Amino acid sequence: MARAPDGVTDTRFQDLEAFAFDAYGTLFDVLSVTDLCEQLFPGRGAALAQLWRLKQLQYSTLRSLMGRHRDFWQLTEDGLAYACSSLGLALTSEARGRLLDAYLTLAAFPDVKPALEALKALGFRLAVLSNGEPRMLEAAARSAGILTLLDHVISVEEVKIFKPSPRVYNLAPERLKVGNAALGFVSSNSWDAAGAASAGLRTFWIQRSVAEPPEELGFGAERVVHSLTDLVPLARR
């Protein structure tokens with residue numbers, strides 16, 4: 001995962017025409033549900049939020065391998081049920097509804113809207129490419145005030161399999177009508193960037209925690225940055 005030396009302009013990305021962004025963990029802070037988890041289950045909020053997210057990811061992988069697709073809204077509910085059961089928490093129907101609805105209004109990271117606005121002003125086409133179910137994605141983007149900045153909201157529901165299947169990543173250049181070399185895929189999840197790189201996309205890893213190492217999958221991101229706004233000078237033409 002290359003970094004340009006300090007003071008050196010990185011010109012590798014001057015031919016980009018569009019960006020596709022992962023949603024959960026990249027645009028939207030999935031752990032912003034922690035406060036509600038803590039309110040409903042005092043002393044267990046952080047553990048619940050973290051295990052819930054882990055099971056979401058595990059279930060998406062397992063169902064893809066099993067060939068038994070369920071959309072991400074259903075997986076989110078299944079993951080919540082498992083996490084509560086594992087932690088010995090009684091999940092009432094009211095608590096279930098409130099926690100699931102929180103996914104429709106997840107907080108966006110502070111760098112998201114400024115970065116999208118700047119890239120849009122530079123003439124780039126922008127999209128979300130996510131495991132999320134379309135209604136979930138549109139609701140979260142609308143709540144965050146970024147829906148109007150997006151040319152497309154692309155969901156795995158079009159192909160009924162989750163990332164890191166190459167069938168998912170291939171949706172982005174198809175919908176944005178660009179070649180792979182002209183599309184930058186952006187994710188804060190190292191495994192996701194690796195999946196996109198394996199599928200032939202130009203990839204950026206948003207390393208939100210400097211202590212987080214890259215995944216050892218044999219496909220690294222083409223560039224590592226620490227904020228979405230770091231993309232703007234790289235992409236400026």
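If I ask for residues that are open to solvent by 30 Å² or more (accessible area, probe 1.4 Å) and among the β-branched types (Val, Ile, Thr), which ones from segment 160-179 would you list?
The one that is open to solvent by 30 Å² or more (accessible area, probe 1.4 Å) and among the β-branched types (Val, Ile, Thr): Ile161.
Can you spot a residue in segment 48-60 that is in a helix (DSSP H, G or I), in contact with a Cys (Cβ under 6 Å, 6 or more places away or on another chain) and farther than 27 Å from Ala196 by Cα?
For segment 48-60, residues in a helix (DSSP H, G or I), in contact with a Cys (Cβ under 6 Å, 6 or more places away or on another chain) and farther than 27 Å from Ala196 by Cα: present.
Go through segment 82-109 and report how many residues are open to solvent by 80 Å² or more (accessible area, probe 1.4 Å), of a type in the set (S, T, N, Q) and more than 22 Å from the chain's Cα centre (by Cα).
Looking only at that region, the number is 2.
Can you find, within segment 35-72, the residue that is surrounded by the fewest Cβ atoms within 10 Å (Cβ to Cβ) among those that are in contact (Cβ under 8 Å) with a residue 60 or more places away in the chain and under 17 Å from Val168 (Cβ atoms)?
It comes out as Thr61.
Sort through Glu77, Glu117 and tell me the only one that's in contact (Cβ under 8 Å) with a residue 12 or more places away in the chain and either touching an Asp or Glu at 6+ places or on another chain (Cβ under 6 Å) or under 24 Å from Leu228 (Cα atoms) (or both).
Sole residue among the options that is in contact (Cβ under 8 Å) with a residue 12 or more places away in the chain and either touching an Asp or Glu at 6+ places or on another chain (Cβ under 6 Å) or under 24 Å from Leu228 (Cα atoms) (or both): Glu117.
Taking segment 217-237 as the search range and keeping residues that are open to solvent by 30 Å² or more (accessible area, probe 1.4 Å), in contact (Cβ under 8 Å) with a residue 60 or more places away in the chain and outside any helix (DSSP H, G or I), which one is farthest from Phe185 (Cα to Cα)?
Once the filter is applied, the top-ranked residue is Arg237.
Taking segment 171-195 only, how many residues are closer than 27 Å to Glu212 by Cα, without any contact (Cβ under 8 Å) to a residue 40 or more places away in the chain and not aromatic (Phe, Trp, Tyr)?
Number satisfying all stated conditions: 4.
The values are calculated or read from the model by the stated rules, or taken from the named source; none is laboratory data. Computed from a predicted structure; not experimentally measured. Glycine gets a Cβ as well: all are built from the backbone with ideal geometry, and neighbour counts include every protein chain shown. SASA here: full protein model, heavy atoms, side chains in, ligands and nucleic acids out. Shrake-Rupley method; radii C 1.70, N 1.55, O 1.52, S 1.80 Å.
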